[in-house]
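K.L.:
Pasting a structure here, questions to come.
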Amino acid sequence: MEFTLHRVDLLHGQAMAKGTLCILPAGKKKTQKVAVGDDSGTLTVFYMKKGEVQTEWKSPALGREISTVVLQSAKDKLFVGCGQSIHGFTRKGKEFVKIKTNLTETINHIFVDENMIWTGGEYIMNIYDQCKDFGFVMVKDRINDLTCAPIAPGDILSAIIACQDKFLRVYAGEKLYHELSVEGPGSSLGFYGTPPMEKEIKKPNESVTLMYGTEQGTVGLTSIDAKAMKRIAGITDRQQRPGMSGPGAGTRRARVCVLHTADIVKSGALDILVGREDGNLEVWSLGEGAMSPSAARLEQVPPTLTYETCLQESIQGMGSGNITGGEHNELVVTTYSGKVLGFTPSQAARDPTGSEMANAEDQAAASQGLMSTMMGTSTKKKTMTQAEENALKAEKDRRHKALEKEVETLKAQLEKEKLSYQRLSGEQIAMQTTTKVSHRFNLNSEEACYNLTVDSQSPLELVSLRADVDVDLLDHDGTAAILSRSKGDPVNPLLATYRMQEAGSRFQIRLRTVEGLSGTISCFVLPATSPKTAHLINLQIKPLSLHEKITEAPPDVPMSELRLTGPFTVMDMHQWLSMCVNELPSRPTEDEMTIAYRSAFVGTVLLGRYAKGSATFKSDSIMTISVLKDLITREATARKVSVSINVDVKDETFPRFLELIHPKLAFQHSLTQQVKMVEPLREVQLQEGETNFLAPELQMVLQHASDIQQQFELQPQRLAFLHNIVLAAYKHKWRLRGHQSVEHRVKDLQKLLEAYNMEQIAAFFDEPID
């Protein structure tokens, strides 16, 4: 039987941050209460009674947006992170503690156990004991999520942190205890089953099963104990995502925002619940592997996607419990715009909008009218029993009264806001934004492009882009939109506007940058609000923008080398590098730093090692070496730091570079031949009907004719993009060897690229310039 969850809208507040939802443990009654914090700085606790939402208590406004809400481990006390302060509330709403920390970072993550509190900012984790400083850790890269568990020997819990640099780290106090490399930057953590601190029977040295989610959309399981930390298995697939369109829909799933486990399906085993950035809510069942998940078991019986739905906006929080008072374990979800939604298997919630009720009435009226016409009488033929009619009437009256009450409340709120705005607008011009807009700009390494995701509390009206650097717009996802492009000028090569065709609060643009160029993309976001206020988002494009961080470099790759010496510090070199590549921590974490990057587009590698007074960089791409040399020279000169530079160009790197870019060039050139065959093959198909006698290659062209023609329309700009990469590599090769101008040779190389023969181009690279 197909499993379905029915959506129930519980509450709609201000915009909500990630991790601001908690389900309180059951009290005297089996119905559990829900706590949510929003950007107005108010903590709200509510419960369900007879199908209606009842607010139990609200905290006074705490002065800042609430960034996290947690329950004290195995207790019912609520702790709230708000700016640089921590507030503690009892389940009755009394504020019993307020800690004003001396932190400079906003508290984004909290974990509370007995008398100890762990907090996570952007890069710093702090530990407090009895509200006093106990220790702190400067984490190697940005903290994306934090939780705690009994792992290292001793009475104090160990902190588990998901970092931006693709590592999960375990800290015993201030000491790094375990480190595990995962598929991508960790974005979410959760325990598989009951959190270890809440278990009634605790076994000594028991391993902890932890779930993690990444920006690449994968969900993994790890086992952690005092001796080791190892990956057990992963959950990932490439199914079509509901509510999404375009090339991104069938590739990978979106970034994981929140993870949870509960027996929603009532199979007796735990299901993994995943909330994603694009609004996808998924229920995964592990089947027989659920009791003790292992790689072998999950390979034999892979996880199955039991249920999924798309909410069209980022999921920020998730919890489960008995919310409505029935017999079901229900799911509660919060979204970016401030919606609190319930998902229940209960059939009682299957008609939250009343559409089925309206259909039942329409069918009853239609059948009654048809019977009267056929019989020539006014005889009434009942389609429902008296009890069903009475129940339907009672439910209708209840919903009508609830709606009337809600409309009156909204009218009162509207009048209050109107009066407030009129008082202000009499003297001042509206400048402050009335809605929250946030964005993410991250590299999609699989497709070697950037995803710019814009989330808005209100529906979007238009998104406009301006850039002072060449950018190739690929496509967009989410809300349907029309793209209008204007002819740019040398100062602003990109001018484009997306006009929304339907209401939607989330929009994603895929774009590709050109390596070697740096600049700024300005994104103007206009939500459909009154007064009209545009939000400006500035995005920095770095010279090596398509390089992503890797954990280990491929062996035996020929590389050119750049060596620098001079009176510079580690911090100086780190800052110069951060202007060139992404994913570097804000400051160096060691006296000697090492970096490893891979070009997502071409596949070349950059390795670096730098300390005080010396730095060495190696790459199989001469363009990467040249870009680094130019930027470091420019910045060192601006700071009046004398740097000695030595470049060793290896000829062996060029055949490898051409080999890496060959598949892309060959594909674009083969498109020309395939497009020429499309129309003749269609003619053959019309005349012959059957095309089985054609060669497999020709059948493939016929099957994908529309795609080939669509790709061919974009071919000129894509081919020019690839040609420029090869031309730049040739220019940089000779420039680093002292030849400032090679224009007389570039024209010959362009002719070879247009004719495209791999062997001739490789031979041209080897020829001496004179």
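K.L.:
Here is a list: Cys82, Cys148. Which entry is of a type outside the set (A, V, I, L, M), within 28 Å of the chain's Cα centre (by Cα) and under 25 Å from Val182 (Cα atoms)? Lay out the reasoning, then the answer.
P.N.:
Values: Cys82 fails: under 25 Å from Val182 (Cα atoms).
Unique residue meeting the criteria: Cys148.
K.L.:
May I ask you to list the residues in region 254-278 that are of a type outside the set (Val, Ile, Thr), under 18 Å from Thr194 (Cβ atoms) and either open to solvent by less than 10 Å² (accessible area, probe 1.4 Å) or modelled with pLDDT of 90 or more (or both)?
P.N.:
Answer for region 254-278, where residues must be of a type outside the set (Val, Ile, Thr), under 18 Å from Thr194 (Cβ atoms) and either open to solvent by less than 10 Å² (accessible area, probe 1.4 Å) or modelled with pLDDT of 90 or more (or both): Leu259, His260, Ala262, Asp271, Leu273.
K.L.:
Please tell me if Thr236 is at pLDDT below 80, under 18 Å from the mean Cα position of the chain (by Cα), more than 16 Å from Thr453 (Cβ to Cβ) and of a type in the set (Val, Ile, Thr).
P.N.:
It is true that Thr236 is at pLDDT below 80, under 18 Å from the mean Cα position of the chain (by Cα), more than 16 Å from Thr453 (Cβ to Cβ) and of a type in the set (Val, Ile, Thr).
K.L.:
Could you tell me which of the residues Leu749, Leu671, Leu698 is at pLDDT below 75 and of a type outside the set (Asp, Glu)?
P.N.:
Within the list Leu749, Leu671, Leu698, the selection yields Leu671.
K.L.:
Could you check region 292-328 and list, in sequence order, the residues that are touching an Asp or Glu at 6+ places or on another chain (Cβ under 6 Å), surrounded by 16 or more Cβ atoms within 10 Å (Cβ to Cβ), assigned to a loop (DSSP other than H, G, I, E, B) and modelled with pLDDT under 90?
P.N.:
Matches in region 292-328: Ile323 only.
K.L.:
Does Asp648 satisfy being out of contact with any Asp or Glu (no Cβ under 6 Å at 6 or more places or on another chain) and open to solvent by less than 80 Å² (accessible area, probe 1.4 Å)? Outline the logic, then answer.
P.N.:
Working: out of contact with any Asp or Glu (no Cβ under 6 Å at 6 or more places or on another chain): no; open to solvent by less than 80 Å² (accessible area, probe 1.4 Å): yes.
In short, no.
K.L.:
Which residues, taken from region 100-110, are open to solvent by 40 Å² or more (accessible area, probe 1.4 Å) and part of a strand (DSSP E or B)?
P.N.:
Lys100
K.L.:
Follow-up. Looking at Lys92, is it free of Cβ contacts under 8 Å to residues at least 40 places away in the same chain and within 21 Å of Met197 (Cα to Cα)?
P.N.:
No, not satisfied.
K.L.:
Applying the selection to region 7-31, what residues are open to solvent by 30 Å² or more (accessible area, probe 1.4 Å) and part of a strand (DSSP E or B)?
P.N.:
Scanning region 7-31 gives Arg7, Val8, Asp9, Leu11, His12.
Let's see how each residue does on (1) among the β-branched types (Val, Ile, Thr); (2) not in a strand (DSSP E or B):
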{"residue": "Ala162", "(1), (2)": "no, no"}
{"residue": "Asp165", "(1), (2)": "no, yes"}
{"residue": "Val170", "(1), (2)": "yes, no"}
{"residue": "Glu179", "(1), (2)": "no, no"}
{"residue": "Glu183", "(1), (2)": "no, yes"}
{"residue": "Met197", "(1), (2)": "no, yes"}
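K.L.:
Within region 171-195, track down each residue that is of a type in the set (A, V, I, L, M, F, W, C) and surrounded by fewer than 21 Cβ atoms within 10 Å (Cβ to Cβ). Working first, answer last.
P.N.:
First pass over region 171-195, keeping only residues of a type in the set (A, V, I, L, M, F, W, C): 172, 176, 180, 182, 189, 191.
Matches in region 171-195: Ala172, Leu176, Leu180, Phe191.
K.L.:
Additional query: Taking only pairs six or more apart or across chains, which ones have beta-carbon atoms under 7 Å, a first residue in region 470-491 that is under 20 Å from Ser545 (Cβ atoms) and at pLDDT below 85, and a second residue that is in a strand (DSSP E or B) and of a type in the set (Ser, Thr, Tyr)?
P.N.:
Once the first residue is under 20 Å from Ser545 (Cβ atoms) and at pLDDT below 85 and sits in region 470-491, its partners that are in a strand (DSSP E or B) and of a type in the set (Ser, Thr, Tyr) give His476/Tyr498.
K.L.:
Let me ask something additional. When the residues of region 720-766 are narrowed to those that are of a type in the set (Val, Ile, Thr) and touching a residue at least 40 places away in the same chain (Cβ under 8 Å), which ends up most open to solvent (accessible area, probe 1.4 Å)?
P.N.:
Within region 720-766, the subset of a type in the set (Val, Ile, Thr) is 725-726, 742, 746, 761.
Then keep just the ones that are touching a residue at least 40 places away in the same chain (Cβ under 8 Å); that gives 725-726, 761.
Details: Ile725: 25, Val726: 1, Ile761: 3 Å².
Applying the filter and picking the extreme gives Ile725.
K.L.:
Take region 671-694 and flag every residue that is within 26 Å of Asn757 (Cα to Cα) and open to solvent by 40 Å² or more (accessible area, probe 1.4 Å).
P.N.:
Within region 671-694, Thr672, Gln673, Gln674, Lys676, Met677 qualify.
K.L.:
For region 47-63, state whether one or more residues are outside any strand (DSSP E or B) and closer than 29 Å to Glu215 by Cα.
P.N.:
No, every residue in region 47-63 fails to be outside any strand (DSSP E or B) and closer than 29 Å to Glu215 by Cα.
Residue by residue, here is whether (1) aliphatic (A, V, I, L, M); (2) open to solvent by less than 10 Å² (accessible area, probe 1.4 Å); (3) on the phi > 0 side of the Ramachandran plot; (4) modelled with pLDDT under 90 holds:
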| position | (1), (2), (3), (4) |
| --- | --- |
| Val112 | yes, yes, no, no |
| Trp118 | no, yes, no, no |
| Gly121 | no, yes, no, no |
| Cys131 | no, no, yes, yes |
| Lys140 | no, no, no, yes |
| Asn144 | no, no, no, no |
| Cys148 | no, yes, no, no |
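K.L.:
Here's another thing I want to ask about it. For residues in region 74-99 being under 15 Å from Leu62 (Cβ atoms) and assigned to a loop (DSSP other than H, G, I, E, B), which is least open to solvent (accessible area, probe 1.4 Å)?
P.N.:
Result: Gly83.
K.L.:
Only one residue in Ile66, Ile127 is modelled with pLDDT of 90 or more and either touching a Leu at 6+ places or on another chain (Cβ under 9 Å) or closer than 22 Å to Gly319 by Cα (or both), so which one is that?
P.N.:
Ile66
K.L.:
With respect to Tyr336, determine if the residue is at pLDDT 60 or above, hydroxyl-bearing (Ser, Thr, Tyr) and touching a Lys or Arg at 6+ places or on another chain (Cβ under 8 Å). Talk me through it step by step, then tell me what you get.
P.N.:
Numbers: at pLDDT 60 or above: yes; hydroxyl-bearing (Ser, Thr, Tyr): yes; touching a Lys or Arg at 6+ places or on another chain (Cβ under 8 Å): yes.
Against the criterion (at pLDDT 60 or above, hydroxyl-bearing (Ser, Thr, Tyr) and touching a Lys or Arg at 6+ places or on another chain (Cβ under 8 Å)), Tyr336 qualifies.
K.L.:
Within region 467-493, can you find the residues that are in a strand (DSSP E or B) and closer than 19 Å to Asn442 by Cβ?
P.N.:
Ala467, Val471, Asp472, Leu473, Leu474, Asp475, His476, Asp477, Gly478
K.L.:
Let me ask another. Can you find even one residue in region 588-606 that is more than 25 Å from His662 (Cβ to Cβ), part of a loop (DSSP other than H, G, I, E, B), modelled with pLDDT of 90 or more and not charged (D, E, K, R)? Break it down stepwise before answering.
P.N.:
Filtering region 588-606 down to residues more than 25 Å from His662 (Cβ to Cβ) leaves 588-595.
From what's left, part of a loop (DSSP other than H, G, I, E, B): 588-592.
After this cut, where a residue has to be modelled with pLDDT of 90 or more as well, the list is 592.
Next, from what is left, pick out any that are not charged (D, E, K, R): none.
Within region 588-606 (the criterion being more than 25 Å from His662 (Cβ to Cβ), part of a loop (DSSP other than H, G, I, E, B), modelled with pLDDT of 90 or more and not charged (D, E, K, R)), the answer is no, since none of the residues qualifies.
The values are calculated or read from the model by the stated rules, or taken from the named source; none is laboratory data. Since we're looking at a predicted model, the values are computed, not measured. Counting neighbours? That spans all protein chains shown, and the Cβs are built from the backbone with ideal geometry, glycine included. Note: areas computed on protein heavy atoms with side chains; ligands, DNA, RNA excluded. Shrake-Rupley method; radii C 1.70, N 1.55, O 1.52, S 1.80 Å.
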